[in-house]
1. Out of S50, S44, report the one residue that is more than 16 Å from the ligand (Cβ to nearest atom), open to solvent by 40 Å² or more (accessible area, probe 1.4 Å) and either closer than 24 Å to H230 by Cβ or under 18 Å from the mean Cα position of the chain (by Cα) (or both).
2. Inside segment 198-211, can you point out the residues that are under 25 Å from F77 (Cβ atoms) and under 19 Å from the mean Cα position of the chain (by Cα)?
3. Just name the residue that is farthest from the ligand (Cβ to nearest atom) out of those in segment 56-74 that are within 30 Å of G329 (Cα to Cα) and of a type in the set (S, T, N, Q).
4. Take A145 and tell me if it is within 18 Å of A62 (Cβ to Cβ), within 14 Å of the ligand (Cβ to nearest atom), assigned to a strand (DSSP E or B) and open to solvent by less than 10 Å² (accessible area, probe 1.4 Å).
5. Select from segment 75-133 the residues that are small (G, A, S), within 22 Å of the chain's Cα centre (by Cα) and within 16 Å of the ligand (Cβ to nearest atom) and list them in ascending order.
6. Mind listing whichever residues of segment 29-44 are of a type in the set (A, V, I, L, M, F, W, C) and either in a loop (DSSP other than H, G, I, E, B) or within 21 Å of A322 (Cα to Cα) (or both)?
7. Considering only residues that are open to solvent by 10 Å² or more (accessible area, probe 1.4 Å), within 19 Å of the chain's Cα centre (by Cα), over 17 Å from A281 (Cβ atoms) and in contact (Cβ under 8 Å) with a residue 12 or more places away in the chain, which ones fall in segment 213-236?
8. Exactly one of (1) closer than 28 Å to N287 by Cβ; (2) without any contact (Cβ under 8 Å) to a residue 40 or more places away in the chain; (3) part of a loop (DSSP other than H, G, I, E, B) is unmet by S10. Its number?
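The values are calculated or read from the model by the stated rules, or taken from the named source; none is laboratory data. The structure displayed is predicted, hence computed values, not measured ones. Reconstructed Cβ throughout: ideal geometry from the backbone, glycine too, with neighbour counts over all protein chains shown. Note: accessible area is taken over every heavy atom of the protein model, side chains too, but ligands, DNA and RNA are not part of it. Shrake-Rupley method; radii C 1.70, N 1.55, O 1.52, S 1.80 Å.
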Amino acid sequence: MVRMDPKIESILDKALAGEEISRTEAVELLKVDENSLEMYVLMSVANTLSRRKFGNSGEVFAQVGINLWPCPKSCAFCSFAGKWNMIKAPLEFSVEEVANRAKAFADAGANAIFLMTSADYPFDRFLEIARAVRAVLAPDIPMVANIGDFGREQAEKLVEAGFQGVYHVLRLREGKDTEIDPQERIKTIEAARDAGLDLSFCVEPIGPEHSLEELVDRMFKGKEFGAVNHACMWRVPVSAGPLAGYEKITEVKLAKVVAVTRIVVGDAIKAMGVHEPGVLALRAGANQIYAETGPNPRDTIEDTSKGRGFSVEACQNLLREAGYTPLEGPSKVFLGRWRK
Ligand code: SF4
């Protein structure tokens, strides 16, 4: 006989009815045994919410990493961190190289282009690259900046250079596993929002040491910040630094965190992401994944497209495998909705 835990059933009933769930209820969902009936119903409810909201349409965002050099912020989870001394050959792409890679992604069918640098990359050089990328993209393909912290004036310059959004995150254990004041991260998010840039947020980088409450806090932070795109990302272990002894969380655990995040954030988002891509999370509420090229903090080789990074085609195939139709044309997520 099939019987569900009535407490979990009641929380999921609320979610299906479009009601908000509390932090305590989100923690209860995260406690669900990954081999239980409740786990499959949890995934199914998140899957239903996403298919209802996104109409079986999936998006591919494509990220170009611009530089590989030791970063002074030395986050415990990052292969770029200066203190862990993992970079043997520093690298920086030319303006043309970034523009070519971004155009190749767009030509392959990516729905939005992300440009990423380490936290200390010179802002003016980033703007120069961004303008060159904007010039080779169709005007309606959104550009999203994934860079270090910045203020309101710089946020306005990002808008002028042609960005519609930013990826900016108050990461798990920010200020403890990173050397960045959490308030700086929050101020940047506010500056971006005030300048009219849409926010892509994420529960990241998830490791086995994080408590359920820590994960739930970041789910709610994304909601409070008004993110148009929420996501979850596992931490890929780096071979040096204080977190080197931790394993990666399983794909099943990641799918569970995705499902609970999808339920917590509700229908305010325009896409739910998972990183790195996997079919299980795409059956648990995620409908958006990333293609990547160039340097990447989760990788140890200088071009992630030859390592952990997926191509646009591989992402589209994965979306199809999970029952989504890859969106054609520009993303529906980053529209600069706060722009006056
Ligand atoms: S995660 Fe970003 S800020 Fe932290 S060390 Fe890596 S590049 Fe620097």
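1. Values: S50 fails: open to solvent by 40 Å² or more (accessible area, probe 1.4 Å).
On inspection, the qualifying residue turns out to be S44.
2. As a first pass, look at segment 198-211 and keep what is under 25 Å from F77 (Cβ atoms): 199-211.
Across segment 198-211, the qualifying residues are L199, S200, F201, C202, V203, E204, P205, I206, G207, P208, H210.
3. Filtering first and then ranking leaves N56.
4. Working: within 18 Å of A62 (Cβ to Cβ): yes; within 14 Å of the ligand (Cβ to nearest atom): yes; assigned to a strand (DSSP E or B): yes; open to solvent by less than 10 Å² (accessible area, probe 1.4 Å): yes.
So A145 fits the description; yes.
5. Hits for segment 75-133 are A76, S79, A81, S118, A119.
6. Step one: of segment 29-44, the residues of a type in the set (A, V, I, L, M, F, W, C) are 29-30, 32, 37, 39, 41-43.
Within segment 29-44, V32, L37, M39, V41, L42, M43 meet the criteria.
7. Matches in segment 213-236: E214, D217, F220, K221, K223, F225, G226.
8. (3) is the only condition that S10 fails.
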